[in-house]
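Read the structure below first, then the notes.
The values are calculated or read from the model by the stated rules, or taken from the named source; none is laboratory data. This is a predicted model, so every value here is computed, not measured. Every residue, glycine among them, receives a Cβ derived from its backbone with ideal geometry; neighbour counts consider all protein chains shown.
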Amino acid sequence: MPVRHEYVLALPAAGPWAPPPLPAGLVARAITVTDVQLLAGLMLAAYRGTIDYEGEEMAEAVAEVEGYFSGADGNAPLPQHSVALVRDDVIESACMVKHWLRRDCPLVAYVMSTADRKRQGLAAFVLGRTIAQLRRAGYSELRAVITEGNVASERLFQRAGFRR
């Protein structure tokens, strides 16, 4: 069983970190339930071969995304605060948040970028846009749970001001 750590960001006191500018050719928008297939494909592309990949295929990824939208785990989705970067009807990166009942605050459920777009600032952009939207909506904190050893996620969240 992988070890996971909780990270927290106080939104009103969030530091000076700012996401990079919107990459050329991409459109930022909220995710919608009509994006299930696109988000599932992105999920597979983003996680395959990483520490968080457990052999899932498309059917499992679709079920995961449908579970997010249904709130079946008791944590309501917040698609209006979740951000997708889209080019030509392809989601290249996304940050999906939900309301975490356990802590009574938003939780970053997923931050994903296609393998060919990693290390290009897309994850920083979608996370930063999500943080800004949650701050404007009046939320006081944002949390994430990250698998120990997921260095890219640990760095991304630490640069954004999250603390373990």
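Counting just the residues of region 116-155 that are of a type in the set (S, T, N, Q) and under 15 Å from Ile51 (Cα atoms), which one comes out surrounded by the most Cβ atoms within 10 Å (Cβ to Cβ)? Only one residue tops the list, namely Ser153.
Selection over region 118-155 of residues that are under 15 Å from the mean Cα position of the chain (by Cα), of a type outside the set (Ser, Thr, Tyr) and assigned to a helix (DSSP H, G or I) gives a count of 15.
Out of all the residues in region 85-102, is one or more in contact (Cβ under 8 Å) with a residue 60 or more places away in the chain and out of contact with any Leu (no Cβ under 7 Å at 6 or more places or on another chain)? Taking every residue of region 85-102 in turn, at least one turns out to be in contact (Cβ under 8 Å) with a residue 60 or more places away in the chain and out of contact with any Leu (no Cβ under 7 Å at 6 or more places or on another chain).
Yes or no, residue by residue, for (1) under 17 Å from Phe162 (Cβ atoms); (2) at pLDDT 95 or above:
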| position | (1), (2) |
| --- | --- |
| Met1 | no, no |
| Pro12 | yes, no |
| Ala18 | yes, no |
| Pro23 | no, no |
| Tyr47 | no, no |
| Glu66 | no, yes |
| Ser70 | no, yes |
| Tyr110 | yes, yes |
| Arg119 | no, no |
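If I filter region 102-111 for residues that are closer than 23 Å to Glu148 by Cα and part of a loop (DSSP other than H, G, I, E, B), do I get at least one hit? Yes. Within the set Tyr53, Tyr68, the sole residue that is among the hydroxyl-bearing types (Ser, Thr, Tyr) and surrounded by 15 or more Cβ atoms within 10 Å (Cβ to Cβ) turns out to be Tyr68.
Contact map, region 23-38: residues that are within 21 Å of Ala132 (Cβ to Cβ) and outside any loop (DSSP other than H, G, I, E, B) paired with residues that are of a type in the set (A, V, I, L, M) and at pLDDT 95 or above, Cβ distance under 6 Å, separation 6+ or inter-chain. Pairs shown: Val27/Val86; Ala28/Val83; Ala28/Leu85; Arg29/Ala84.
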